[in-house]
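Asks: A single structure is presented below for examination.
The values are calculated or read from the model by the stated rules, or taken from the named source; none is laboratory data. Treat the numbers as computed from the prediction; the structure is a model and nothing was measured. FYI the Cβ positions are ideal-geometry reconstructions off the backbone, even for glycines, and counts take in every protein chain you see. Note: accessible area is taken over every heavy atom of the protein model, side chains too, but ligands, DNA and RNA are not part of it. Shrake-Rupley method; radii C 1.70, N 1.55, O 1.52, S 1.80 Å.
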Amino acid sequence: MRLAFNDDQRALRESVQAWLGKEYPHAVWRDVALGDRAGSPRFWNPMAQMGWLAAPLPERHGGLGGGVTDAAALAECLGSALVLEPFVSSVVLGAGLIQAAASQAQQDEWLPQIGEGQLRIAFAQAEASSRFELHDVQTRAQRGTSGWRISGAKVSVWDAPDADWLLVLARTAGGRFDRDGLGLFVVPRDATGVSLQRFPMIDRRPGAHVSFNDAPALAVLGDAEAALPAVQRVTSQALAVLANEACGAMQAAIAQTVAYLQQRKQFGQPLAEFQVLRHRVVDMQVQLECSRSLALHAAFAAEAGDAAQAARTATAAKVQAGRAGRWIGHQAIQLHGGMGMTDELAIGHVMKRLLMLDTFLGNADHHQQALARMTLPHTASV
């Protein structure tokens with residue numbers, strides 16, 4: 001079992017980290033997150049020009065063929081710098097769903113646009129009463145003489161305000177909890193009948209509640225009544241990438257904490273000299289390494305072709321990353337003392353990113369229950 005990036009991926013990480021360290025320090029993040037154009041994808045075109053967006057995409061569509069593992073390597077770097085660009089939404093979920101469900105003609109047309117940074121996508125899946133269940137969908141899609149029309153509402157859609165398209169999971173048949181009768185529909189963000197309530201999420205990522213009032217769909221991806229298996233498969237890939245992004249944020253939290261302990265003095269010596277605090281940092285590093293191993297395993301499993309194994313490993317990685325991220329974030333803030341609670345210091349924003357990564361596509365508690373059901377199929381609840 002390989003639990004390490006290969007030489008090419010390590011080189012990619014080094015180049016990305018070097019660029020982010022120079023061009024995306026915390027002062028730039030603050031301007032991106034809190035400035036006049038708060039949340040807008042200001043660095044999207046440079047990321048496309050450097051090939052980051054194309055790295056996970058298939059070579060036949062202008063990508064570099066790196067797949068989920070390249071996306072995971074990139075995500076770890078982006079998480080360390082708290083980058084706000086919609087990488088997971090557009091490249092992992094958007095492009096992933098197009099590869100999994102769209103026709104060949106649709107893939108040929110749209111995937112190169114994503115890799116070139118010309119097309120940004122947001123995945124509109126969650127609803128107010130669905131919690132984290134992918135198949136709990138009440139938004140409806142009806143087919144008329146002029147095509148599919150979408151009616152319903154989605155909540156907390158990552159990166160929706162700046163997306164070109166929304167990929168909407170909507171019900172074409174059956175009842176609320178049925179696993180059949182679900183389709184994936186492409187709806188332009190500015191289409192008639194689409195309204196957005198924009199807001200910053202806790203990590204300053206742009207999000208929105210989206211309402212559809214008989215909104216016209218541009219296209220449907222694959223079978224309009226059998227989209228759930230593709231959505232589940234791509235969601236497993238996204239969970240692996242999110243776990244790696246969380247590892248990057250955890251690494252940043254530890255690095256910032258160590259730097260603070262080396263600078264801050266108490267009783268005439270740096271806090272880093274106190275053994276009990278050094279032990280705390282070691283415990284933080286142990287949790288990070290446990291998370292990193294599971295996150296890497298999930299990324300490699302996602303490319304191995306076994307959907308059941310990929311789902312199990314991705315779920316386990318999400319549990320570990322969610323729990324460890326919260327714990328490491330709490331320890332980092334505590335070790336910073338009162339300074340850790342201020343908005344000016346980066347550590348509080350790292351904690352908020354870790355909270356957001358834990359919640360997106362299901363928090364640790366949700367995935368622990370899902371993992372129990374996968375391991376013991378007869379278990380109704382945990």
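Asks: Answer rounded, prolate or oblate for the stretch 128-195, using the Cα gyration tensor with square roots of eigenvalues a ≥ b ≥ c: rounded when a/c is under 1.5, else prolate when a/b is larger than b/c, else oblate.
Replies: Oblate, because a/c is 1.5 or more while a/b does not exceed b/c.
Asks: Please compute the length gained on full extension between H279 and D214, using 0.36 nm multiplied by the number of residues separating them and subtracting their Cα-Cα distance.
Replies: Answer, rounded to one decimal: 17.6 nm.
Asks: Another question, if that's okay. Looking at the chain as a GNM with Cα springs under 10 Å, which of A272, A364, A170 has the largest mean-square fluctuation?
Replies: A272
Asks: Also, quick follow-up: Can you give me the angle between helix 7-23 and the longest principal axis of the chain, using Cα atoms only, in degrees from 0 to 90, rounded to the nearest 10?
Replies: With both axes taken from Cα atoms, the answer is about 80 degrees.
Asks: Turning to a different aspect of this structure: Tell me, what HN-Hα J-couplings in whole Hz come from the Karplus equation 6.51 cos²θ - 1.76 cosθ + 1.60 at θ = phi - 60° for each residue of the stretch 324-341, using x for Gly and Pro?
Replies: So the J values, rounded to whole Hz, are 5, x, 4, 5, 4, x, 5, 5, 4, 5, 5, 5, 7, x, x, 4, x, 8.
Asks: Give me, ordered by chain and number, the residues 5 or more places off R189 or on other chains with an amide H under 5 Å from its own placed amide H.
Replies: W165, L166
Asks: Between 0 and 90 degrees, rounded to the nearest ten: what's the tilt of helix 364-375 against the longest Cα principal axis of the chain?
Replies: 70
Asks: When Rg is the radius of gyration of the Cα atoms in the stretch 119-269 and Rh is its Kirkwood radius, what does Rg/Rh come to?
Replies: Over the Cα atoms of the stretch 119-269, Rg/Rh equals 1.16.
Asks: Here's a follow-up. Kindly identify the stretch 28-162 as rounded, prolate or oblate by the Cα gyration tensor criterion: order the square roots of the eigenvalues as a ≥ b ≥ c, call it rounded if a/c is under 1.5, otherwise compare a/b with b/c, prolate if a/b is larger, else oblate.
Replies: Cα axes put the stretch 28-162 in the oblate bin.
Asks: May I ask you to give the solvent-accessible area per residue for the chain, in square angstrom, as obtained with a 1.4 angstrom probe?
Replies: 43
Asks: Most mobile of D343, D162, D223 per a Gaussian network model of the chain (Cα springs, under 10 Å)?
Replies: Residue with maximal mean-square fluctuation among D343, D162, D223: D343.
Asks: Can I ask one more? Put a dot 7 Å past each Cα toward the Cβ at E344 and Q309; how far apart are the dots in nm?
Replies: Simple spin-label model gives 5.2 nm for this pair.
Asks: Still on this structure, I have one more. Return the lysines within reach of K352: Cα separation strictly under 25 angstrom, same-chain partners fewer than 8 residues apart disregarded; answer none if there are no such residues.
Replies: The qualifying lysines are K22, K154, K318.
Asks: Rounded to the nearest 10 degrees, what's the angle between the helix 104-115 long axis and the longest principal axis of the chain, both from Cα atoms, 0 to 90?
Replies: 30
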